[in-house]
Each structure stands twice: as structure tokens, then as C-alpha cells.
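Read-outs: derived from the displayed coordinates by stated rules, not from any lab. All values derive from a computational prediction rather than experimental measurement. So basically every Cβ, Gly included, is an ideal-geometry build from the backbone, and we count neighbours across all protein chains shown.
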Amino acid sequence: MLPDNETLVALMKRAAAGSEAAFSDIVRYFEKTVYNLSMQAVRNREDALDVSQEVFLKLWRTAGSYRGECSVNSWIIRITRNTSLDLLRRRSARPTESLTLRADDGCGERGEEGAEREIPSGGVEEDPVASYERRERIEAVRCAISELGEEHREIIVLRDIEGMSYAEIGEALGLEAGTVKSRLYRARNTLKEILQKRNII
Amino acid sequence: MESESKISCERIGSIIIEYIDGELDSDAAALVARHICECADCRKLYNDMKAVCRAAGDCAYDPPEALRPGVMCALRRERSAFRLIKIKKISAFAGVAAAAVVCLGIGMTALLTGLEKFGADGDKSAPPLLEGSCRLAEAMDNNSSGLMNFRRHYSMSDGMAEKENYDADRNESGDGLKFTTDPDAINGGEETCPSCTVGHEAPAASPDGTAATASIYSRLAGDWTLPAENGMIHLTLRQDGGYSLTDSYGIVTEGCYNASEEAMVFIFYHPNGEDGYYFTLTDDNLIMTPISGAGLLR
């Protein structure tokens, strides 16, 4: 879990003053958020890694201009969204590299060798059959999420993967509370329909 | 506070996600909890939605282990970068003239022929002084004043390697430079500079004396400055691959450099070895990050 915002602000101040140790802590706290947000936007591992590193470098370079007008969390999420968008724009300017997906196409995230298969392990003694089934299920859910629209994918990441509150999500995305709720509702409903249709839940 | 003791299924549907996410106040949450106990349809809705949230949560990616070290490494490289500012662009002609002064007697005819080929805008065309030549620079210690002496010699395709004809004040002691004029030792397009042990991109000879390739060298050419410990460092980069660096103490180092735009690597060659930098070049900014340790730029 993230430490509270005051702690994060103090870390940002130290980083702005040049402390690599403080910045390393910030990276540690936020790397999962940044990576998952980038991943849902750019859909492949290499680009997500590039975006994530670029996000943290930008954060480092501009640490001095963070004035606490929003939470550190929101600040970083905004940088991540902008950086992902930049990459997507650059990518769409090179039509030979399109990674567009079609809904009936099988799956979303593609690395160089095809579907992404990064699945956290189930533990030391996991039964191989259960392990296989779990991996297949996670892949299927990732596939379903990748078929959602961009805004829906994003809010699912922030709520269900990062566990942010509605208020935090609203601040990060610049949305009113009501919009957060309705968007989340529609995102989950759509996801539910896809998952139920495919007998995943 | 007792509001409705019952809540409708329709209402449940619209707040069920808030309930799941813990965003309802305790009274509202209690109402929902009670309703779900009693209503099978709403209980199913709750379970389905909860399953969706859980399924999505399981999909989190672990960030690659390379992420954090990669960031810290890039960060440190940036911190140690030197930003040189271009002060004025010298014409390649001036650079050539300076070199010509130093190398008295080395195939003067050929040199003069090369000089004659220059047009008015010397820095637009690369100065291939001699056709197919590789430019070497060798710096040597000067005993008394700590200045580096500088020899510039060229291997010429007609075999006239004139080691003996260097400028008069060369130091007798440090030598050992052998370079070849054997055409077979010179690979097509790329010539090996023995003192530097790398290939210089020799400008391709063409009838009017302009170079086909050398764009990175022509863009790097010029006078650059860098604030340093107690003053300024001046770096003159020449299009022909030579450089002259004066540090803030007035010590001059001269030699040759190699720059690869593709690899973004810049190497200074000097008597004590070589210093490598990653570089990026914009119009007036040359950013050099040491590949390892401190180097000529300090």
C-alpha cells in the first residue's frame, strides 16, 4: 500500500533536492501503478517498460515543479497517461506498426512472441492443474479487459488493480464523483457481460 | 438515523458497486447488506459484480525487475551529463588551414590541392583534404610547459606516408606510431586509424571534392564551451575528425575523435587513452554523458 500523501510529498521534496535514495523509494511505491496503467494503454510489454521508465525520468526531471496542488499519486498518474498517449500517437504515425485489436480476435496484449503471459505464480505448492486453470482464467480476463474502451480499461486499473478510492480516481482523472461512479459502473457491467458470455465467471 | 427500512432492488442495482468498493456510509451499507441477505436476485448481482472485481484485480501485472534499476541508471547518467553550448561555428577551411601550418612539408602539393577545392562556404562541404585519406592525430607530451604537442599526419592513398616530415617541434621521445599506407589494409569505405584502432568514416571522394557522408561531423564541427570547476572548457571539434580541448586551467589536449550518430557514442582519443561519451546533439547543445568515470570533460 502507498504511504500517505504527506510522506510522499516529503519524498518528492527530497528527490527534487537531488536525493536518489528518496526517488528510488518513489519508484518502488509507484512502479506497479505506472506499469499497469501503461500496459493497459499500450498493450505490450516492451512499450509499457519504455513508457514506465520515461514516466519516472520525467518525474525526476520535473520534481522541482511539483507544488502539491494535487496528490503525488494523481501527479504521477497524469504523467503516465500523457506519456502513454505520446507513445500511442507516435505509434499511429507509423502505420506499419499498428497493434489494433478486433473483438473476436483472440487476444489483446501482444509482445514480440505473441500473447503476453506474465502471470504471477500461485505459490510454491500449487497443484499443476489448478495452476494451469488459474493462468488460463487470468489470460481470459486480461483478454476481456483489453476489449473494453480505453476509459473503461483505465478506470478498472485504478479501482480494481490499484485500489484507489473514488475521490482519488476523480482527482487523478479530473472527473466529478458522479462521473467516476457511472463510468466504473458501465465498465464493470460491460466486463461482466463479456466474462459471463465466455463462462469465465 | 432510520431512513427506509427497506430498499428497492432497483436502488440496489445502482449502488451495488459503491457497496462493494466500500464507498457507502455505514447506514446505507447496512441497508444494502440486509437486502442482499433477503433477496436472491440482488445477492446474485452482488456476487457477480464481486467476481468481476476480483477477476480484474487478479490481472495485475508485476512490473519487470529491470524497471527500477533501469530508471536509476538512466537518472545517474543524466546527472553526470555535460551540456556543451556552441559559441560559434568555425569554417572547416580555418581548421584545415591550422592543420596545414602544423604539418609542414607533408605532401604540401597534395594539401594545397585539397585547400583549393574549398568553396566559400567551407562548412557545408566536408574537407577531404586528400582523397581516400584517413586522418590521424597523435598527441604527445611536451616536457616543459605541460602543453600537448600535436601532430597531424595523413596516410595518403599514393603511399606517401611522411612520418619524417612532421612539424619541427615534435618531441623525440614519445613515438611508436605506425600507420599503414598499404591500400590492402584499408577496408573499402572505412579506414583503420592505427593509433585510434577504430575506423574513421573517411569522407567519400567525389569529383568536386565534397563529401558524400560526414553529416554528423559537419554538425558537430564548431566551437563549444562548457562551464567547469574554475572557468570554461573550450572544445573545438573539426569536421575532419580532429579536436582541440582547452580546459579551465589552460591545458590543451588535441587529438582525434570518433562520433557515431546511430550508436550515439562519441570517443575522444588522446595520449592517455580514450574517453567515451554517450551524446545527443541538437542545434546548439551537445550533451555528453560519460560512459564510465571521469574523462576529458570535467
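Quick rundown of the values:
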| read-out | value |
| --- | --- |
| Spin-label pair B:Ile291/A:Arg94, simplified geometry with 7 Å Cα→Cβ offset, distance in nm | 2.5 nm |
| Residue-span extension gain [B:Cys9 to B:Arg298] - 0.36 nm each, minus C-alpha spacing | 96.7 nm |
| Burial ranking of peptide ranges B:240-247, B:13-20, A:49-56 (average Cβ count within 10 Å, highest at the top) | A:49-56, B:240-247, B:13-20 |
| Residue-averaged beta-carbon neighbours from other chains (10 angstrom radius) around B:71-79 | 5 |
| Gyration tensor (alpha-carbon) shape descriptor, the range A:150-201, a/c threshold 1.5 | prolate |
| Radius of gyration and maximum dimension Dmax of the range B:5-67, Cα, Å | 15.2, 55 |
| Among A:27-38, B:44-55, A:61-72, the order from most to least packed when residues are scored by Cβ within 10 Å on average | A:27-38, B:44-55, A:61-72 |
| 10 Å Cβ neighbours from other chains, averaged over peptide B:244-255 | 0 |
